[in-house]
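Visitor: Got a structure here, written out as C-alpha coordinates. Questions coming.
The values are calculated or read from the model by the stated rules, or taken from the named source; none is laboratory data. This structure is a prediction, so every number in the text was calculated from the model and none was measured. Cβ placement follows ideal geometry from the backbone for every residue including glycine, while neighbour counts extend to all protein chains displayed.
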Amino acid sequence: MIALTPENIDRYSKNCVLLDIETTGLSCERDSIIELCALKVIEGSIDAEFSTLINPGIEIPYDSTLIHGITDDMVAGAPDVEEALKAFKKFAGDAVLAGHNIKRFDLGFIQRDAARFLGRALPNEYMDTLMVARRFLPQLESRSLESLSRYYGISYKGAHRALTDCRINLEVFERLAQEAANPSAEARALKICPKCGNVMKQREGKFGPFYGCTSFPDCRYTEDIKN
(Lines give C-alpha, C1' and ligand atoms only; values in the text may rest on other atoms or scores of the structure.)
Protein backbone atom coordinates (compact mmCIF):
# COMPACT_ATOMS: atom_id res chain seq x y z
CA MET A 1 0.00 0.00 0.00
CA ILE A 2 1.13 3.55 -0.70
CA ALA A 3 0.67 6.27 1.91
CA LEU A 4 -0.57 9.52 0.39
CA THR A 5 0.99 12.77 1.54
CA PRO A 6 -1.29 15.61 2.67
CA GLU A 7 -0.63 17.93 -0.30
CA ASN A 8 -3.98 17.04 -1.87
CA ILE A 9 -5.88 16.45 1.35
CA ASP A 10 -8.94 18.32 0.08
CA ARG A 11 -9.36 15.79 -2.74
CA TYR A 12 -8.84 12.84 -0.40
CA SER A 13 -11.31 14.15 2.19
CA LYS A 14 -13.94 14.54 -0.53
CA ASN A 15 -13.37 11.16 -2.18
CA CYS A 16 -12.37 8.18 -0.05
CA VAL A 17 -13.53 5.17 1.91
CA LEU A 18 -13.14 6.08 5.55
CA LEU A 19 -12.83 3.00 7.77
CA ASP A 20 -12.57 1.91 11.38
CA ILE A 21 -12.35 -1.41 13.19
CA GLU A 22 -12.96 -2.76 16.69
CA THR A 23 -10.88 -5.68 17.94
CA THR A 24 -10.45 -8.17 20.75
CA GLY A 25 -7.30 -6.31 21.80
CA LEU A 26 -4.46 -4.10 20.65
CA SER A 27 -2.01 -6.71 19.36
CA CYS A 28 -1.92 -7.35 15.62
CA GLU A 29 -0.01 -10.53 16.43
CA ARG A 30 -2.66 -12.26 18.52
CA ASP A 31 -5.94 -10.29 18.48
CA SER A 32 -8.83 -10.33 16.01
CA ILE A 33 -11.19 -7.92 14.26
CA ILE A 34 -14.74 -8.04 15.60
CA GLU A 35 -16.25 -5.06 13.77
CA LEU A 36 -15.44 -3.41 10.44
CA CYS A 37 -17.26 -0.31 9.25
CA ALA A 38 -16.69 2.24 6.52
CA LEU A 39 -18.20 5.27 4.80
CA LYS A 40 -17.88 5.79 1.06
CA VAL A 41 -17.44 9.52 0.57
CA ILE A 42 -17.94 11.05 -2.88
CA GLU A 43 -17.52 14.78 -3.42
CA GLY A 44 -17.71 15.36 0.32
CA SER A 45 -20.98 13.51 0.93
CA ILE A 46 -21.62 10.03 2.31
CA ASP A 47 -22.65 7.88 -0.64
CA ALA A 48 -22.86 4.49 1.13
CA GLU A 49 -22.19 2.74 4.42
CA PHE A 50 -20.57 -0.58 5.21
CA SER A 51 -21.02 -2.12 8.65
CA THR A 52 -20.54 -5.64 9.93
CA LEU A 53 -19.77 -7.41 13.15
CA ILE A 54 -17.31 -10.29 12.78
CA ASN A 55 -17.23 -13.57 14.67
CA PRO A 56 -13.57 -13.98 15.73
CA GLY A 57 -14.01 -17.59 16.79
CA ILE A 58 -12.63 -16.76 20.23
CA GLU A 59 -14.02 -15.19 23.38
CA ILE A 60 -13.93 -11.41 23.49
CA PRO A 61 -11.97 -10.28 26.56
CA TYR A 62 -14.05 -8.49 29.17
CA ASP A 63 -11.68 -5.50 29.21
CA SER A 64 -12.21 -5.03 25.46
CA THR A 65 -15.98 -5.26 25.82
CA LEU A 66 -15.84 -2.49 28.41
CA ILE A 67 -14.40 -0.20 25.72
CA HIS A 68 -16.58 -0.94 22.68
CA GLY A 69 -19.54 -2.78 24.22
CA ILE A 70 -19.35 -5.72 21.80
CA THR A 71 -20.10 -9.08 23.43
CA ASP A 72 -19.76 -12.73 22.43
CA ASP A 73 -23.55 -12.97 22.02
CA MET A 74 -23.54 -10.03 19.59
CA VAL A 75 -21.03 -11.67 17.24
CA ALA A 76 -22.35 -15.25 17.56
CA GLY A 77 -24.26 -15.10 14.26
CA ALA A 78 -21.92 -12.69 12.49
CA PRO A 79 -19.82 -13.62 9.43
CA ASP A 80 -16.22 -14.71 9.86
CA VAL A 81 -13.39 -12.38 8.87
CA GLU A 82 -12.92 -13.94 5.42
CA GLU A 83 -16.54 -13.28 4.45
CA ALA A 84 -16.43 -9.77 5.94
CA LEU A 85 -13.23 -8.83 4.12
CA LYS A 86 -14.55 -10.09 0.79
CA ALA A 87 -17.59 -7.84 1.23
CA PHE A 88 -15.44 -4.89 2.31
CA LYS A 89 -13.08 -5.32 -0.64
CA LYS A 90 -16.06 -5.19 -3.00
CA PHE A 91 -17.42 -2.11 -1.19
CA ALA A 92 -14.11 -0.21 -1.21
CA GLY A 93 -13.05 -1.04 -4.75
CA ASP A 94 -9.94 0.94 -5.65
CA ALA A 95 -10.83 3.98 -3.54
CA VAL A 96 -8.33 5.71 -1.29
CA LEU A 97 -8.73 4.34 2.24
CA ALA A 98 -8.68 6.84 5.09
CA GLY A 99 -8.88 6.72 8.86
CA HIS A 100 -7.27 7.78 12.10
CA ASN A 101 -4.11 5.89 13.04
CA ILE A 102 -4.91 3.31 10.37
CA LYS A 103 -1.27 2.95 9.39
CA ARG A 104 -0.24 1.60 12.78
CA PHE A 105 -3.49 -0.08 13.82
CA ASP A 106 -6.44 -0.76 11.50
CA LEU A 107 -4.45 -1.62 8.38
CA GLY A 108 -2.19 -3.91 10.36
CA PHE A 109 -5.17 -6.13 11.18
CA ILE A 110 -6.89 -5.75 7.80
CA GLN A 111 -3.80 -6.45 5.71
CA ARG A 112 -2.81 -9.40 7.89
CA ASP A 113 -6.20 -11.02 7.40
CA ALA A 114 -6.47 -10.05 3.72
CA ALA A 115 -3.16 -11.78 3.04
CA ARG A 116 -4.23 -14.81 5.08
CA PHE A 117 -7.76 -15.28 3.77
CA LEU A 118 -7.90 -13.45 0.43
CA GLY A 119 -4.45 -14.40 -0.80
CA ARG A 120 -3.02 -10.88 -0.93
CA ALA A 121 -3.05 -7.59 0.94
CA LEU A 122 -5.32 -4.79 -0.30
CA PRO A 123 -3.49 -2.62 -2.87
CA ASN A 124 -5.38 0.61 -2.16
CA GLU A 125 -3.60 3.87 -1.46
CA TYR A 126 -4.35 5.30 1.96
CA MET A 127 -4.22 8.47 4.03
CA ASP A 128 -3.86 8.50 7.81
CA THR A 129 -5.58 11.49 9.43
CA LEU A 130 -3.28 11.18 12.44
CA MET A 131 -0.34 12.01 10.16
CA VAL A 132 -2.30 14.98 8.79
CA ALA A 133 -3.07 16.22 12.30
CA ARG A 134 0.60 16.00 13.29
CA ARG A 135 1.52 18.11 10.29
CA PHE A 136 -1.10 20.83 10.55
CA LEU A 137 -1.79 20.93 14.32
CA PRO A 138 1.72 20.79 15.83
CA GLN A 139 0.62 22.90 18.79
CA LEU A 140 -1.64 20.17 20.22
CA GLU A 141 -0.29 17.87 22.93
CA SER A 142 -2.60 15.03 21.85
CA ARG A 143 -3.96 14.29 18.38
CA SER A 144 -6.12 11.30 19.28
CA LEU A 145 -9.54 11.23 17.66
CA GLU A 146 -11.08 12.15 21.01
CA SER A 147 -8.70 15.10 21.47
CA LEU A 148 -9.34 16.37 17.94
CA SER A 149 -13.09 16.04 18.45
CA ARG A 150 -12.83 18.12 21.59
CA TYR A 151 -10.62 20.67 19.83
CA TYR A 152 -13.13 21.13 17.01
CA GLY A 153 -16.24 20.91 19.20
CA ILE A 154 -17.42 17.68 17.57
CA SER A 155 -19.62 15.33 19.61
CA TYR A 156 -17.79 12.20 20.77
CA LYS A 157 -20.97 10.50 21.96
CA GLY A 158 -21.14 6.85 20.97
CA ALA A 159 -17.42 6.59 20.19
CA HIS A 160 -15.62 3.23 20.17
CA ARG A 161 -18.18 1.67 17.88
CA ALA A 162 -16.69 1.59 14.43
CA LEU A 163 -19.43 3.29 12.41
CA THR A 164 -19.74 6.15 14.90
CA ASP A 165 -15.96 6.57 14.88
CA CYS A 166 -16.08 6.77 11.08
CA ARG A 167 -18.61 9.58 11.25
CA ILE A 168 -16.56 11.47 13.85
CA ASN A 169 -13.42 10.94 11.80
CA LEU A 170 -15.11 12.29 8.68
CA GLU A 171 -15.92 15.55 10.46
CA VAL A 172 -12.36 15.77 11.75
CA PHE A 173 -11.00 15.03 8.26
CA GLU A 174 -13.05 17.91 6.82
CA ARG A 175 -11.67 20.28 9.46
CA LEU A 176 -8.12 19.12 8.80
CA ALA A 177 -8.60 19.87 5.10
CA GLN A 178 -9.44 23.43 6.11
CA GLU A 179 -6.28 23.59 8.25
CA ALA A 180 -4.24 22.43 5.26
CA ALA A 181 -5.75 25.13 3.06
CA ASN A 182 -4.61 27.82 5.50
CA PRO A 183 -1.78 26.41 7.63
CA SER A 184 -0.71 28.14 10.83
CA ALA A 185 2.72 29.69 11.30
CA GLU A 186 3.66 26.68 13.47
CA ALA A 187 2.66 24.27 10.71
CA ARG A 188 4.55 26.23 8.04
CA ALA A 189 7.68 26.17 10.19
CA LEU A 190 7.78 22.37 10.40
CA LYS A 191 10.43 20.37 8.56
CA ILE A 192 8.59 17.98 6.22
CA CYS A 193 9.97 14.74 4.86
CA PRO A 194 10.20 15.01 1.04
CA LYS A 195 9.83 11.24 0.71
CA CYS A 196 6.64 10.48 2.69
CA GLY A 197 5.27 13.89 3.71
CA ASN A 198 5.45 13.25 7.45
CA VAL A 199 6.99 15.59 10.00
CA MET A 200 10.75 15.43 10.59
CA LYS A 201 12.37 15.85 14.00
CA GLN A 202 15.86 16.85 15.02
CA ARG A 203 17.77 13.92 16.49
CA GLU A 204 21.24 13.26 17.80
CA GLY A 205 23.42 10.73 16.01
CA LYS A 206 26.92 9.37 16.15
CA PHE A 207 28.17 12.16 13.91
CA GLY A 208 26.06 14.95 15.36
CA PRO A 209 22.51 16.31 14.97
CA PHE A 210 20.35 15.40 11.99
CA TYR A 211 16.73 15.47 10.86
CA GLY A 212 14.94 12.12 10.89
CA CYS A 213 11.48 11.27 9.63
CA THR A 214 8.96 10.49 12.37
CA SER A 215 7.64 7.65 10.18
CA PHE A 216 10.77 5.65 11.01
CA PRO A 217 11.23 2.71 10.55
CA ASP A 218 8.72 2.78 7.65
CA CYS A 219 10.51 5.81 6.21
CA ARG A 220 14.25 6.11 6.81
CA TYR A 221 14.82 9.48 5.16
CA THR A 222 17.33 11.70 6.97
CA GLU A 223 19.03 15.04 6.38
CA ASP A 224 22.25 16.32 7.91
CA ILE A 225 22.04 19.58 9.81
CA LYS A 226 24.65 21.90 8.40
CA ASN A 227 26.40 24.21 10.84
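Visitor: Check the range 13-30 and report whether any residue there is farther than 21 Å from residue 161 by Cβ and of a type in the set (Gly, Ala, Ser). First the steps, then the outcome.
Guide: Residues of the range 13-30 that are farther than 21 Å from residue 161 by Cβ, as a first pass: 13-15, 29-30.
With the extra rule that they be of a type in the set (Gly, Ala, Ser), the set shrinks to 13.
Scanning the range 13-30 turns up at least one residue that is farther than 21 Å from residue 161 by Cβ and of a type in the set (Gly, Ala, Ser).
Visitor: Quick check on the range 93-113: of everything there that is charged (D, E, K, R) and farther than 20 Å from residue 8 by Cα, which residue is surrounded by the fewest Cβ atoms within 10 Å (Cβ to Cβ)? It would help to see each step written out before you state the result.
Guide: From the range 93-113, those charged (D, E, K, R) are 94, 103-104, 106, 112-113; that's our starting set.
Checking the rest, the ones that are also farther than 20 Å from residue 8 by Cα come to 104, 106, 112-113.
On the way: 104: 11, 106: 24, 112: 16, 113: 21.
Per the criteria, the residue is 104.
Visitor: Name the residues in the range 111-144 that are more than 26 Å from residue 94 (Cα to Cα) and assigned to a loop (DSSP other than H, G, I, E, B), would you?
Guide: Scanning the range 111-144 gives 137, 138, 139, 140, 141, 142, 143, 144.
Visitor: Would you point out which residue out of 170, 176 is assigned by TED's automatic domain parsing to the domain that holds residue 96 and either on the phi > 0 side of the Ramachandran plot or in contact with a strand residue (DSSP E or B) (Cβ under 6 Å, 6 or more places away or on another chain) (or both)?
Guide: On the way: 176 fails: either on the phi > 0 side of the Ramachandran plot or in contact with a strand residue (DSSP E or B) (Cβ under 6 Å, 6 or more places away or on another chain) (or both).
Going through 170, 176 in turn, the sole match is 170.
The rows are residues; the columns are (1) modelled with pLDDT of 95 or more; (2) of a type in the set (Asp, Glu); (3) touching a helix residue (DSSP H, G or I) at 6+ places or on another chain (Cβ under 7 Å); (4) over 18 Å from residue 29 (Cα atoms).
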| site | (1), (2), (3), (4) |
| --- | --- |
| 72 | yes, yes, no, yes |
| 83 | yes, yes, no, yes |
| 101 | yes, no, yes, no |
| 111 | yes, no, no, no |
| 116 | yes, no, no, no |
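Visitor: Also, I was wondering about something else. Which of the numbered conditions does residue 89 fail, given that it passes all the others? Conditions: (1) surrounded by fewer than 22 Cβ atoms within 10 Å (Cβ to Cβ); (2) part of a strand (DSSP E or B).
Guide: Every condition holds for residue 89 apart from (2).
Visitor: Being assigned by TED's automatic domain parsing to the domain that holds residue 170 and either among the small types (Gly, Ala, Ser) or at pLDDT 95 or above (or both) is true for just one of 10, 94. Which residue is that?
Guide: 94
Visitor: Right, here's the next one. Name the one entry in 55, 15 that is under 15 Å from residue 85 (Cα atoms) and surrounded by 13 or more Cβ atoms within 10 Å (Cβ to Cβ).
Guide: Selected residue: 55, the only one of 55, 15 that is under 15 Å from residue 85 (Cα atoms) and surrounded by 13 or more Cβ atoms within 10 Å (Cβ to Cβ).
Visitor: Condition first: small (Gly, Ala, Ser) and at positive phi. Can you find one or more residues in the range 149-159 that meet it?
Guide: Taking every residue of the range 149-159 in turn, at least one turns out to be small (Gly, Ala, Ser) and at positive phi.
Let's see how each residue does on (1) more than 14 Å from the chain's Cα centre (by Cα); (2) not in a helix (DSSP H, G or I):
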site: 1; (1), (2): no, yes
site: 21; (1), (2): no, yes
site: 34; (1), (2): yes, yes
site: 37; (1), (2): no, yes
site: 57; (1), (2): yes, yes
site: 64; (1), (2): yes, no
site: 78; (1), (2): yes, yes
site: 82; (1), (2): yes, no
site: 95; (1), (2): yes, yes
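Visitor: Follow-up. Out of all the residues in the range 97-110, which are part of a helix (DSSP H, G or I) and within 30 Å of residue 190 (Cα to Cα)?
Guide: Matches in the range 97-110: 102, 103, 104, 105, 106, 107, 108.
Visitor: Out of everything in the range 216-226 that is within 24 Å of residue 103 (Cα to Cα) and either among the β-branched types (Val, Ile, Thr) or in contact (Cβ under 8 Å) with a residue 60 or more places away in the chain (or both), what residue ends up being surrounded by the most Cβ atoms within 10 Å (Cβ to Cβ)?
Guide: Filtering the range 216-226 for residues that are within 24 Å of residue 103 (Cα to Cα) and either among the β-branched types (Val, Ile, Thr) or in contact (Cβ under 8 Å) with a residue 60 or more places away in the chain (or both), the one surrounded by the most Cβ atoms within 10 Å (Cβ to Cβ) comes out as 222.
Visitor: Can you pull out the residues in the range 145-178 that are free of Cβ contacts under 8 Å to residues at least 60 places away in the same chain, in a helix (DSSP H, G or I) and in contact with a helix residue (DSSP H, G or I) (Cβ under 8 Å, 6 or more places away or on another chain)?
Guide: 145, 148, 149, 152, 168, 171, 175
Visitor: With (1) buried (at least 18 other Cβ atoms within 10 Å of the Cβ); (2) farther than 20 Å from residue 161 by Cβ as the list, and residue 38 as the residue in question, which single condition is left unmet?
Guide: All conditions are met except number (2).
Visitor: Which residues, counting only those in the range 114-166, are buried (at least 17 other Cβ atoms within 10 Å of the Cβ) and of a type in the set (Asp, Glu)?
Guide: Across the range 114-166, the qualifying residues are 128, 165.
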